[in-house]
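Note sheet for the following structure.
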Amino acid sequence: MGKAAYMKLKGSFHFRQRLLLATLSTKAILIEDIRSDETSPGLRSHEVSLLRLIEKISDDCSVEINETVWIDFSDNFGLLVRVGTKLRYKPGVLVGGKYLVHDCGLSRSIGYFLEPLILLGLFGKKALSITLKGITNDSKDPSVDTFRTTTLHMLKRFGVSLEGLELKIVNRGAPPLGGGEIILGVPIVPTGLTATHWVDEGMVKSIRGVTFSTRVSPQIGSRMIYAARGIFNRFIPDVHIFTDHRSGPSGGRSPGYGVSLVAETTTGCLISTDIAISHPKPEDMDTMEDSYEKPEMLPPEDVGVQVASILLGEIEQGGVVDSTHQGLVFLLCALCPPDVSKVRVGKLTPYGIETLRNIRDFLDVKFVIKPDPTTNTVILKCVGCGMKNLSRKVA
């Protein structure tokens, strides 16, 4: 066999999505100049962890990270640190598997790993069942609650069976020390996805949600619910928000609280948002003024009002999904059979726009974008690349 032809890329932008699309399209990639101009160059720990996770669910996958010597003069010794500013990645065969375990670390939450993991799991040789450990709720990534209540249900629009598709929250874990644990189950799609025509967002008929609180007073959950209901009751009577208070081992190792909300429409669309409050991580503390006291966390009442306002903003934008899920919907449309898929979204987010570019580069799928001035939404159409479950055929 000849040498693999590497697709050359630069920088650390959308590293996670590039890895995902390279794996699905079986294209070898070479990424250079990864944060080479920054004071702390190279791959971050969560990016290396994502590579290790893909290795666990793949067979014959090749990862090469170069060693770049970086001298840290932050102290008097000039510490030598080895980091990787260049990555060669050659995808293998997705095999899936049961009883897998992966520690996601503490620099990013489990939500960072879930989106690529779910998509890769669909095209594996066997169904995927994996335990992920780390942070379940933080302010950077979608929470595990949003994935459980919204993301997994979106997949049925593209022909994915809900049987075997599950996310169980075993332990909660807030930053900075984590301690959370979930079990994810993803079935395979032997014949691929199904093209969708998804443009009717409908009207909001109900709002559901769940608050979480770990190592804090159980009353905090009720206070967040009371504040959020104070906003929603002006518009809709069908509002039910449940509480999930954890203490002991199931509450992780750090105090934290937050809420995840989902608005369901008359056509079955799910619009979600979430918010999490916790003590800052040590690296974030370094940027603050020197203090021996931990900064106070946002009051629960303010959290309730804030998350309700964010959800109302998402609903106002229109579209069949919220802004967080735009990229995932575009990826699913592009992976469909060579038939026309059509979706309606609100204002395109920067992440959504970059996703469209990555889809064009890796899958050679281009979207027709048509703004709808009457509703201030955008309709996107594409012909899927016809992604088949190649791992299943190889088996």
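The values are calculated or read from the model by the stated rules, or taken from the named source; none is laboratory data. Quick caveat: nothing in here was measured; it's all calculated off a predicted structure. Cβ coordinates were reconstructed from backbone atoms using ideal geometry, including for glycine residues, and neighbour counts include every protein chain displayed. Each accessible area value is taken on the protein alone, full model and side chains, heavy atoms only, with ligands, DNA and RNA left out. Shrake-Rupley method; radii C 1.70, N 1.55, O 1.52, S 1.80 Å.
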In this model, which of LYS125/LYS168; LYS27/LYS56; LYS8/LYS347; LYS133/LYS388; LYS86/LYS381 are farther than 28 Å apart at the alpha-carbon?
LYS8/LYS347; LYS133/LYS388; LYS86/LYS381
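Of all accessible surface on the chain at a 1.4 Å probe, what whole percent is carbon and sulfur? Spell out each step's value before the answer.
Values: 9850 of 18840 Å².
Carbon plus sulfur share of accessible area: 52 percent.
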In the chain the DSSP beta bridges are antiparallel at a rate, in percent to nearest 5, of 75 percent
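Scan the chain and report its longest stretch carrying no chymotrypsin sites (Phe, Trp or Tyr not before Pro) that are both in a DSSP loop and have at most 10 other Cβ atoms within 10 Å. Please list the in-between numbers first.
Values: sites that count: PHE73, PHE77, TYR292.
That would be 78-291.
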Exposed-loop cut sites defined as GluC sites (Glu not before Pro) in DSSP loop states with at most 14 other Cβ within 10 angstrom; longest site-free run of the chain spans 164-288
Helix-derived [θ] at 222 nm for the chain: sum -39500 (n - 2.57) over DSSP H runs of at least 4, divide by residue count, nearest 500?
-7500 deg cm²/dmol
Over segment 160-227, average the accessible area per residue using a 1.4 Å probe and give it in Å², no decimals.
44 Å²
Longest span of the chain, sites excluded, free of trypsin sites (Lys or Arg not before Pro) in DSSP loop with at most 10 other C-beta atoms within 10 Å?
4-233
quick shape note, the chain: Cα extents on principal axes in Å, largest first -> 65, 62, 42
